[in-house]
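A.B. asks: So that we are looking at the same thing, I have put the structure below in structure tokens.
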Amino acid sequence: MGQPKRKHSKQRSRKRRGANRFEAPLLAKDSTDGSAYMPHRVNPSNGMYRGRQVIDLEV
């Protein structure tokens, strides 16, 4: 097997590993008002979950 000619620094290794952690959150689109929200959670803008009102929001 080939061997590395120079030692990789800790910073270089951590930059490479850290870049894999950042991902954009997956968002679902609400069918009633078109707002984006996290799937499998209550929509904070209108209080709906799976087509029914679960939180009363006073607007």
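A.B. asks: For residue 29 and residue 56, what does the FRET efficiency come to when R0 = 25 Å and r is the distance between their Cβ atoms, rounded to the nearest 0.05?
C.D. replies: Taking R0 as 25 Å, the efficiency between residue 29 and residue 56 is 0.65.
A.B. asks: Helix-derived [θ] at 222 nm for the chain: sum -39500 (n - 2.57) over DSSP H runs of at least 4, divide by residue count, nearest 500? Present the calculation step by step, with values, prior to reporting the outcome.
C.D. replies: Details: 1 runs with 9 residues, N = 59.
Roughly -4500 deg cm²/dmol at 222 nm, from the helical runs in the chain.
A.B. asks: OK, next. Please give the peptides 20-31, 35-46 ranked by average Cβ packing (other Cβ atoms within 10 Å per residue), highest first, as a rough proxy for protection.
C.D. replies: Ranked by mean Cβ neighbours within 10 Å, highest first: 35-46, 20-31.
Every number in this text was worked out from the coordinates using simple rules, so none of it is lab data. Just so it is clear, the model here is predicted, and its values are computed rather than measured. Using ideal geometry, Cβ is built from the backbone for each residue, glycine included, and neighbour counts are taken over all protein chains shown.
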